[in-house]
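Have a look at the structure below, then the notes.
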Amino acid sequence: MASSPTIGVFALQGDVREHVHALEGLGLSALKVRRPEELAACDALILPGGESSTMHKLARAFELFDPLVDAIRGGLPTLGTCAGMILLADRLEDGIVGQETLGGLDVTVRRNAFGRQVESFEGWLDFAGFDEPVHGAFIRAPWVEQVGAGVEVLATVPHVSAPAGAAGRIVAVRQDHVMATSFHPEVGHDDRIHRYFVDRIVKS
Ligand code: GLN
């Protein structure tokens, strides 16, 4: 791969701009992906936060759904954040009727898992391999209910700031070339998760 990979950002819906900004801050070229030809030009992909059921419908409407499935299954390094985590789950709980996922992660993800009364919360999380905790912003976020044998757990909800029932829940995972977080590393100024993805998955 060229020394500076092109990172695609799924751009039919969601917080695309924030991811593009984070990538450009790392000196990387980001490409907004709305069409299969754009996907084909990428060395890696980010699925942003947003609304996973809308992303699903738009990906179908723009004929991007099957190319995405094939690319991820075929080894394209992929990071999903929040709604992006939902899209990457092989199994989904509490999706809307007919909601499909792209898959790629051998996990069961529960959509809007923190409950209706908890629209959002923030907390400091230990993240595998980082010396300092990560500030996680959770916005109508999913969590991971169950992981398959090949999935590495990178972060769980801290006990200190957790809403009822959420402490210890899995909120960041990695399986080979696919990684996902329930929270939004694209919000704020901490670029460590984007760097983790680029350095340890995209360039490795
Ligand atoms: N609740 C949203 C969904 O179902 C995800 C929220 C987010 O990405 N901030 O897709």
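The values are calculated or read from the model by the stated rules, or taken from the named source; none is laboratory data. This one's a predicted model, so the numbers in the text were calculated from it and none came from an experiment. A quick note on method: Cβ atoms are made from the backbone with ideal geometry, for glycine too, and the neighbour counts reach across all protein chains shown. Ligands, DNA and RNA are excluded from the accessible area calculation, which covers all protein heavy atoms including side chains. Shrake-Rupley method; radii C 1.70, N 1.55, O 1.52, S 1.80 Å.
Summed over the residues of segment 115-204 and divided among them, the accessible surface reaches 50 Å² per residue at a probe radius of 1.4 Å.
The residues Glu186, Glu122, sorted by heavy-atom accessible surface at 1.4 Å with ligands and nucleic acids left out, run Glu122, Glu186 from largest to smallest.
Temperature 4 °C, viscosity 1.567 mPa s: under these conditions the Stokes-Einstein estimate for the chain, based on its Kirkwood radius over C-alpha pairs, is 78 µm² per second.
Note on segment 36-137: with neighbouring protein chains present and a 1.4 Å probe, carbon and sulfur make up 46 percent of its accessible heavy-atom surface.
Using 1/(1 + (r/R0)^6) with R0 = 30 angstrom and r between the beta carbons of Asp176 and Glu119, what's the FRET efficiency to the nearest 0.05? The value I calculate is 0.35. When only alpha carbons are used to place a centre, segment 83-104 and segment 7-27 end up 21 Å from one another.
For the pair Asp190 and Gln99, label points projected 7 Å from Cα toward Cβ lie 2.6 nm apart. The length gained by stretching the chain between Asp66 and His159 to full extension, at 0.36 nm per residue less their Cα-Cα distance, is 29.6 nm.
Which part of segment 14-28 falls in the paramagnetic zone of Asp199, meaning amide N under 14 Å from the point 7 Å along Cα-to-beta-carbon? So the set is 26-27.
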